[in-house]
Structures are given as C-alpha cells and as structure tokens.
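One structure is given here, and the rest of the page talks about it.
The values are calculated or read from the model by the stated rules, or taken from the named source; none is laboratory data. Quick caveat: nothing in here was measured; it's all calculated off a predicted structure. Here the Cβ positions follow ideal geometry from the backbone for every residue, glycine too, while neighbour counts run over all protein chains shown. Side chains are part of the model used for accessible areas, which takes the heavy atoms of the whole protein and leaves out ligands, DNA and RNA. Shrake-Rupley method; radii C 1.70, N 1.55, O 1.52, S 1.80 Å.
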Amino acid sequence: MWREKILLDEEEIPKAWYNIQADLPSPLDPPLNPQTLEPIKPEELEAVFPKELIRQEISTERWIPIPEEVRDVYRLWRPTPLYRAKRLEEKLKTPARIYYKWEGVSPPGSHKPNTAVAQAYFNMREGVERLTTETGAGQWGSALAFGCMLFGLKCTIYMVRVSYEQKPFRRVLAELWGAEMVPSPSERTNFGRKMLEKDPNHPGSLGIAISEAIEDAVTHENTKYSLGSVLNHVLLHQTVIGLELKKQFESIDEYPDVMFGCVGGGSNFAGAAFPFVGDKLRGEPRAKELRVVSCEPTACPTLTKGIYTYDFGDTAKMTPLLKMFTLGHDFVPPPIHAGGLRYHGDAPLLCKLTKEGYMEAVAFKQTEVFEAARIFAQAEGFVVAPETAHCVKAAIDEAIRCRERNEEKVIFFANSGHGHFDMAAYEAFLRGKLKDYEYPEEKIRESLTKLPKVPKS
C-alpha cells in the first residue's frame with residue numbers, strides 16, 4: 001500500500017548542514033574584490049556579514065554543526081512532509097511515481113526560514129542589532145522578519161517595487177513580526193534616489209534592492225546585511241531539506257531518477273538537491289543516472305540564456321564579483337508574478353555544477369506554469385507559489401513523457417512554498433489577463449556589454 005505522507009520524527013532533524021564544497025571535483029572560483037580583481041579576503045566582508053557566516057561561506061568542511069538554538073526553532077515546522085502525488089499521477093495517467101517535499105508548512109509559508117533563522121541567530125550571537133535585506137516576491141523578506149523576531153533583532157526589508165504592489169500582504173506579514181518593508185527603489189538610500197531620478201515609476205529589481213540593503217547596512221552602526229539566496233552559506237543552511245529527503249526516500253526504499261526545482265538565486269533547489277548531487281560527485285552507483293534540473297522563467301533566463309562569467313551581484317556594483325551565469329547586473333526583467341525568480345544571476349555553486357554538467361536547466365513561460373499549478377491544485381489540493389509552479393510544470397511534463405514511453409520513473413520536485421499571498425496573480429490567470437513576456441534579447445545584449453572586465457586566470 002502506498003503512503004500519502006512520509007514523515008520523520010522531530011529528533012531526525014539534521015544535526016549538521018551538508019557542505020557540497022567538500023565534494024567538488026575542483027574548487028569554486030573565489031569572489032573577487034572589484035577594485036583589485038584579487039580574491040576577496042574574509043576580513044573585507046566583516047562590514048556586511050558576521051564572522052561565523054563568513055567562515056561558513058569559505059569552508060570546505062563536509063559537515064557544519066547546526067546550533068541547538070536553531071534546531072529548537074526548526075522544530076516549529078521541521079521535519080517537513082514528503083508527499084506521494086498519487087492523485088496527480090492518476091490525473092495524468094502516468095506510470096511514474098511523483099514525490100514532492102512540502103516546505104509550505106513553515107510559519108512564513110516557504111523554505112526561506114531554514115536560513116533566515118540561522119542567519120538571525122549568528123548575527124544576534126555577535127551583537128548585531130539590526131539586519132537589512134532585499135526581497136522579490138516577499139517570501140525571503142517575511143522569513144527574515146520571522147527570524148529576527150525570534151532572536152530580538154530589528155529588520156529592514158527592501159522589496160522590489162513591482163512585487164510590493166502586487167503582493168501587499170507579504171508586507172503585512174513582515175510588519176506583524178515587527179519588521180519594516182520599503183518599496184525599492186526608495187528614497188531611503190543614495191542609490192535608490194538615483195534610480196528614481198532616472199525613472200520615478202521604476203519597477204525595481206533584485207539587483208537594485210540588494211544595493212539599497214547593502215548601502216543601508218554599511219552606513220549604520222550595529223547593522224549587518226542578510227541575503228536570502230545565492231551565497232554558499234545560504235545554500236548550506238537549506239540542505240536540511242535534502243538531508244531529510246534522503247531519510248524519507250530511504251524509509252520507502254526509493255531514490256529519484258529526476259529532480260526538479262525552481263531557481264531564482266538557487267537556495268531552494270540547492271537545498272533539496274545538493275545531498276543527492278553529492279552522491280553523484282562521489283560516484284555512488286544509485287546516483288549515476290540521476291538528472292537534476294533547474295526550472296526558471298523565460299522572462300529571466302539566467303541559466304538557459306546567460307553567460308558564465310564574473311559579475312556583480314547587485315546593480316550599484318557594491319558586491320564582490322561572483323563567478324556565475326548572469327544576464328548582466330543592469331538587467332531589469334519584465335514584471336512577472338514569480339518575483340523570486342527575477343534575478344540576473346544565480347548561486348555560484350549551482351552555476352558551477354550546471355556548467356560542468358552535473359545539473360541542467362529549462363525555462364518556461366508564465367501562463368504555462370500557472371496552468372501547471374492549476375492542474376496540481378485540482379489534483380493534490382495545494383496552491384503553490386508562482387515560483388514553485390515552474391518545477392510543477394517540469395514534473396508534469398516529465399510524467400507525461402513517462403506515460404508516452406511507459407516508463408516507471410521516480411520524479412521529485414521541490415515544493416518550496418504556498419501561493420496564498422498570490423491570489424491576485426491567480427485571479428489574473430483565471431480571467432485570462434496574464435501574459436507571456438517575450439525573451440528580451442536586446443535588453444540582455446545591452447546589459448551584457450556592461451559586464452566587468454576580468455582577466456582570465
């Protein structure tokens with residue numbers, strides 16, 4: 001008899017995060033100081049991040065212990081359930097077995113508090129009083145508000161303006177937890193004012209919001225900056241998802257043939273997939289044929305259309321240079337509803353693994369991912385975030401291919417969060433008002449001309 005939910009006991013919450021840097025065939029290209037173009041020194045990051053997170057960022061230790069104070073908070077919602085999507089299988093008439101791990105059970109409703117809680121804890125422990133951050137659709141911002149509340153920190157969130165207007169209840173959620181949320185670009189920072197002078201109705205971008213949050217942090221005492229994706233320590237914290245997932249699959253004697261996850265910066269999918277990619281890197285037989293597929297929007301096709309090179313993580317060029325797939329730090333994507341996927345770059349670790357063939361990527365249009373979310377909701381009941389809908393689309397397509405080929409694959413997708421704050425987007429979809437954005441090739445070409453010039457090593 002099949003099990004609808006595969007559950008773990010609270011004591012099975014991982015006691016250490018998995019660091020994939022320990023298993024890379026070659027080291028990750030280091031972040032560069034944009035002035036000297038030399039690898040950045042850890043102490044140069046201390047104005048922005050606490051020392052422990054910097055240590056985690058550069059560590060190559062396979063296991064990083066999770067503090068008990070963080071595990072105690074994780075117990076509020078972890079371990080999260082692994083579901084067998086039997087009703088979806090029946091709806092699609094596929095012989096494939098479809099599984100998803102449901103991160104929507106967390107208080108903020110997504111995977112984001114896995115790192116927000118950890119980052120708030122490490123900042124608190126080093127005497128930081130306030131954190132600044134950016135957010136796209138608001139999942140990360142509200143999660144950091146939650147984490148800061150638990151550890152007594154103030155929190156200022158710069159939310160991409162188009163998402164701030166599309167999703168007002170994310171702001172309300174953050175405010176309930178004691179944070180302030182500001183539409184970006186804003187009048188709060190020099191860079192925000194500069195952007196508004198150019199365009200008073202600027203829709204904003206994650207790159208701009210990052211610039212504002214960093215400027216705020218470095219110009220105020222007892223304040224640090226917190227990032228919700230991209231950096232190594234963020235992906236590290238998210239591996240609680242994949243480590244639980246491995247135990248859950250082992251308990252039912254399964255192993256995925258293909259894994260899908262939405263990717264904007266990469267933390268959600270890396271968290272679910274990296275423990276399995278680690279199997280592949282170490283040459284474990286069961287992972288030999290495993291496919292790991294990132295799913296992104298055609299409106300912001302970083303992995304599928306970007307260039308693999310060094311670029312800034314923000315628009316104002318305040319961050320170190322990161323080696324990643326990029327559309328250019330000046331790129332402003334169209335205002336799609338999957339605000340968390342509107343980022344010009346991606347996590348260097350995920351990009352390296354994609355470049356070297358251990359992972360792959362696909363891109364989907366906005367209307368087709370919303371249609372996939374509708375199919376899923378009518379089969380499984382859950383309404384997923386527009387970001388998550390991208391990997392739902394990929395899983396459904398794969399299941400249909402299995403039906404056509406009569407293949408019994410094990411398909412997994414990372415169900416990263418609920419869509420309860422996205423009803424305006426779903427209403428637009430149901431009324432036929434959503435539109436697909438054509439690949440803005442000329443904008444990307446223009447943005448790529450402004451990439452920093454980095455000598456080849």
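Taking (1) touching a Cys at 6+ places or on another chain (Cβ under 9 Å); (2) farther than 18 Å from ALA395 by Cα in turn, GLU296 satisfies each apart from (2).
In this structure, is VAL277 of a type in the set (A, V, I, L, M), farther than 18 Å from LYS112 by Cα and under 18 Å from the mean Cα position of the chain (by Cα)? Give the steps one after another, and end with the answer.
Working: of a type in the set (A, V, I, L, M): yes; farther than 18 Å from LYS112 by Cα: yes; under 18 Å from the mean Cα position of the chain (by Cα): yes.
Criteria met by VAL277.
Within the stretch 28-38, the presence of a residue that is out of contact with any Phe, Trp or Tyr (no Cβ under 9 Å at 6 or more places or on another chain) and either basic (Lys, Arg) or within 30 Å of ALA399 (Cβ to Cβ) (or both) is excluded.
Tally the residues that are in contact (Cβ under 8 Å) with a residue 60 or more places away in the chain and either part of a helix (DSSP H, G or I) or open to solvent by less than 40 Å² (accessible area, probe 1.4 Å) (or both), restricting the search to the stretch 352-366. Even if it seems obvious, please write down each step before you answer.
Taking the stretch 352-366 as the starting set, the residues that turn out to be in contact (Cβ under 8 Å) with a residue 60 or more places away in the chain are 352-354, 356, 358-366.
Checking the rest, the ones that are also either part of a helix (DSSP H, G or I) or open to solvent by less than 40 Å² (accessible area, probe 1.4 Å) (or both) come to 352-354, 359, 361, 363-364, 366.
Within the stretch 352-366, residues that are in contact (Cβ under 8 Å) with a residue 60 or more places away in the chain and either part of a helix (DSSP H, G or I) or open to solvent by less than 40 Å² (accessible area, probe 1.4 Å) (or both) number 8.
A quick yes/no check of all residues on (1) more than 18 Å from the chain's Cα centre (by Cα); (2) β-branched (Val, Ile, Thr):
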site: ARG161; (1), (2): yes, no
site: VAL172; (1), (2): yes, yes
site: GLY192; (1), (2): yes, no
site: ILE210; (1), (2): no, yes
site: THR223; (1), (2): yes, yes
site: SER226; (1), (2): no, no
site: GLN238; (1), (2): no, no
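Results for (1) more than 25 Å from PRO334 (Cβ to Cβ); (2) surrounded by fewer than 24 Cβ atoms within 10 Å (Cβ to Cβ), shown as yes or no for each residue.
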{"position": "ASN114", "(1), (2)": "yes, no"}
{"position": "ALA118", "(1), (2)": "yes, no"}
{"position": "ARG125", "(1), (2)": "yes, yes"}
{"position": "THR135", "(1), (2)": "no, no"}
{"position": "GLY138", "(1), (2)": "no, no"}
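Given the criterion hydrophobic (A, V, I, L, M, F, W, C), open to solvent by 10 Å² or more (accessible area, probe 1.4 Å) and assigned to a helix (DSSP H, G or I), identify the matching residue among LEU322, LEU303. First the steps, then the outcome.
On the way: LEU322 fails: assigned to a helix (DSSP H, G or I).
Answer to the selection: LEU303.
Elements of the type helices (runs of 4 or more DSSP H) sitting completely within the stretch 367-457 and holding at least 3 residues that are within 23 Å of ALA270 (Cα to Cα), open to solvent by less than 30 Å² (accessible area, probe 1.4 Å) and out of contact with any helix residue (DSSP H, G or I) (no Cβ under 7 Å at 6 or more places or on another chain): these cover 389-405. Once the stretch 240-264 is narrowed to residues that are touching a Gly at 6+ places or on another chain (Cβ under 7 Å) and either under 28 Å from SER205 (Cβ atoms) or not in a helix (DSSP H, G or I) (or both), the residue that is modelled with the highest pLDDT is ILE241.
Is it fair to say ASP253 is without any contact (Cβ under 8 Å) to a residue 24 or more places away in the chain and either out of contact with any Asp or Glu (no Cβ under 7 Å at 6 or more places or on another chain) or open to solvent by less than 10 Å² (accessible area, probe 1.4 Å) (or both)? Judged against the criteria, ASP253 is a match.
Quick one: count up the residues across the stretch 203-231 that are of a type in the set (Gly, Ala, Ser) and assigned to a loop (DSSP other than H, G, I, E, B).
First, the residues of the stretch 203-231 that are of a type in the set (Gly, Ala, Ser): 204-205, 207, 209, 211, 213, 217, 226, 228-229.
Those left that are additionally assigned to a loop (DSSP other than H, G, I, E, B): 204-205, 226, 228-229.
Residues flagged as of a type in the set (Gly, Ala, Ser) and assigned to a loop (DSSP other than H, G, I, E, B) within the stretch 203-231 amount to 5.
Determine whether GLU244 is of a type outside the set (Val, Ile, Thr) and without any contact (Cβ under 8 Å) to a residue 40 or more places away in the chain. No; evaluated as a whole, the condition is false for this residue.
Tell me yes or no: at least one residue of the stretch 310-318 is over 21 Å from ASP29 (Cβ atoms) and in a loop (DSSP other than H, G, I, E, B).
yes
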